[in-house]
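The values are calculated or read from the model by the stated rules, or taken from the named source; none is laboratory data. Here the structure is a predicted model, which is why all the values come from computation and not from measurement. No Cβ is skipped: glycine too gets one built from the backbone with ideal geometry, and neighbour counts run over all protein chains shown.
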Amino acid sequence: MKPSTSKANKPASAKIKPSHDSKGFAGFCKKTFNLLFHEDIYFRICGFLIFGLLLFFASWAFFSFVYNKINLMENSFMVQKFFSPQIVKGIGPWAAKLFGSHNADVIKNFGIWGNVILLTVENFFNHLAFVIIFIFIFNYFRIGRWNMSLIYFALYTIMWGAAMGTLSLPFPTGSNRILGSLILFARYGLWIWFSYLLLIVSSTQFTWLAAPSWLDWNWQKQRKFWPVTFTPDQREVFIYGLLFLLASSFAEARIFVHYNFF
């Protein structure tokens with residue numbers, strides 16, 4: 001005969017009640033918001049990606065279907081940059097003369113790839129100027145948990161959505177305006193935006209002055225102004241951010257030359 005066993009009954013108060021705080025869209029937004037300030041840089045990248053893409057699509061949808069004013073952002077700094085891109089027609093003949101060739105295909109190839117290289121360098125330094133001002137310098141200041149570059153990232157994302165929704169970029173989008181604008185963004189705009197994201201996330205430790213909250217601007221010094229330091233993970237993401245910025249500058253130059261060379 002087996003000895004009888006009895007299970008202790010748990011009191012009702014000891015039962016775990018399911019939490020509804022993390023369920024639904026509100027819980028998802030809360031988790032994403034907390035990821036923006038996570039100590040681990042890779043969790044922060046996930047948070048920025050989710051937050052940024054949701055904000056981009058909301059902005060794109062608004063400017064595509066609600067406030068659809070074509071070329072709204074055409075003359076903005078985001079589209080024109082500091083120096084408006086131009087095709088230099090003399091590169092092909094100059095290079096052909098330099099190498100002693102008068103073949104039309106050689107002149108055309110030198111002209112195309114010479115302009116691509118020139119515009120890649122120009123685009124990169126245009127973007128780098130914005131990165132230094134609005135990311136690196138803005139990251140020197142923090143209010144509460146908010147680095148100032150995070151606010152710039154939100155505005156920059158909204159501007160990308162507005163530029164794509166109003167067809168403000170100097171490239172054709174095909175017969176389907178809605179789908180074409182998203183494909184154009186995926187071809188190069190997404191990678192510029194992602195490089196900005198990586199550079200912001202990898203430089204949040206630059207904070208020099210911090211205020212406790214938006215209502216209390218009692219700025220306190222957090223570290224020396226210079227030098228800035230990186231952990232190995234931060235340095236790796238920072239380098240990838242610069243490489244993505246260079247690659248996306250090349251993609252932008254290639255598209256511009258493709259549509260404007262001939």
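A few comments on the model shown:
- Residue list for the range 162-185, restricted to those being out of contact with any Gly (no Cβ under 6 Å at 6 or more places or on another chain) and part of a loop (DSSP other than H, G, I, E, B): T166, L167, S168, L169, P170, F171, P172, S175, N176
- Residue check, L190 surrounded by 15 or more Cβ atoms within 10 Å (Cβ to Cβ), under 25 Å from T166 (Cβ atoms), touching a residue at least 12 places away in the same chain (Cβ under 8 Å) and among the aliphatic types (A, V, I, L, M): no
- N139 being crowded, with 21+ Cβ neighbours inside 10 Å and closer than 17 Å to W208 by Cβ: yes
- Within the range 212-230, the set of residues being in contact (Cβ under 8 Å) with a residue 12 or more places away in the chain and either within 15 Å of the chain's Cα centre (by Cα) or within 21 Å of E39 (Cβ to Cβ) (or both) comprises P212, S213, Q222, R223, V228, T229, F230.
- If only residues of the range 34-57 that are surrounded by fewer than 13 Cβ atoms within 10 Å (Cβ to Cβ) and outside any loop (DSSP other than H, G, I, E, B) are counted, the one that is modelled with the lowest pLDDT is N34.
- When I143, I135 are screened for being under 30 Å from F225 (Cβ atoms), out of contact with any helix residue (DSSP H, G or I) (no Cβ under 7 Å at 6 or more places or on another chain) and among the β-branched types (V, I, T), only I143 passes.
- Among the criteria (1) surrounded by fewer than 13 Cβ atoms within 10 Å (Cβ to Cβ); (2) within 30 Å of Q234 (Cβ to Cβ); (3) among the charged types (D, E, K, R), the one K81 does not fulfil is (1).
- Residue check for L199: more than 27 Å from W226 (Cα to Cα), in contact (Cβ under 8 Å) with a residue 24 or more places away in the chain and in a helix (DSSP H, G or I): no
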